[in-house]
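All of the numbers you see were taken from the coordinates with simple rules; none came from a lab. In this text the structure is predicted, and so the values were computed from the model without any measurement. All Cβ positions, even for glycine, are placed from backbone atoms using ideal geometry, and neighbour counts span all protein chains on display.
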Amino acid sequence: MERAIYDAPAYRIHEAADYLRLPAATLRSWVIGRNYPVTAGMRRFEPIIEISDPEKGYLSFTNLVEAHVLSAIRRQHNIPLHRVRDAVHFLRGKFGSDRPLIEEQFQTDGIDLFVEKMKELVNVSRKGQVAMREILELHLRRIERNPMGIPIRLYPFTHSKPELQTTGTVVIDPAVSFGRPIIRRLGVPTSLIAERYKAGEGVDDLVADYGAERDEIEEAIRCELQVRAA
């Protein structure tokens, strides 16, 4: 029953892309795939992530976490998608798992294996290898797991540069508010905060109404509005 919450279709592609600060077209390629032209005609890029409802295009919370990890690889290093896919297949074979990027062992030897595989595929320099590992670890620290090692909460980035993110004020928990972002301490949906802010209410007024800290309100607003304004 517990796993059903995390694996249930819950997020539209556009919505998930907003939470992850990704272009919707990029996430769509990862989870649905895409056709691309070649000299002989068209070829098909198969998806990297197997989502819970590919027919309707809905991701589960587990899929959201997978895409969160993939964003560390793709966005920070501009590695071609087909090479990322090859590396994910490599890890699947190594770990015998359909979802190696969110397995617990990925946090140990899995990262090294992945970086080594990417070195083989794209000739990553030593400096590049260190940077890739640091970005992966930065993203993995935003995932909270239960005692069985299952991802249960995701603390999304609300800054354009992940390395500047220091707080975990906003959380995505599939067991709370239908898996939409909330202020962790208060349980208030960030969408509610943002709607009131867009309607003209000031940060100080929202702080007073919710008994919140100012940085909690500001983080909630960034979570909902910054991606859409980019």
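Tell me, in nm to one decimal, what length is gained between Glu15 and Leu138 on full extension, where the rule is 0.36 nm per residue of separation less the Cα-Cα distance?
42.0 nm
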Practice prompt. Check each of the trypsin sites (Lys or Arg not before Pro) in segment 6-78 and keep only those in coil by DSSP with at most 10 other C-beta atoms within 10 angstrom; list them in order.
Written response: Lys56
Worksheet item: In nanometres, what is the gap between the two model label sites at Ile32 and Lys94, each 7 Å from Cα along Cα-to-Cβ?
Response: 3.2
Discussion item. Counting other beta carbons within 10 Å of each residue's own, what order do Val203, Val84, Val69 fall into, fewest first?
Written reply: Val203, Val84, Val69
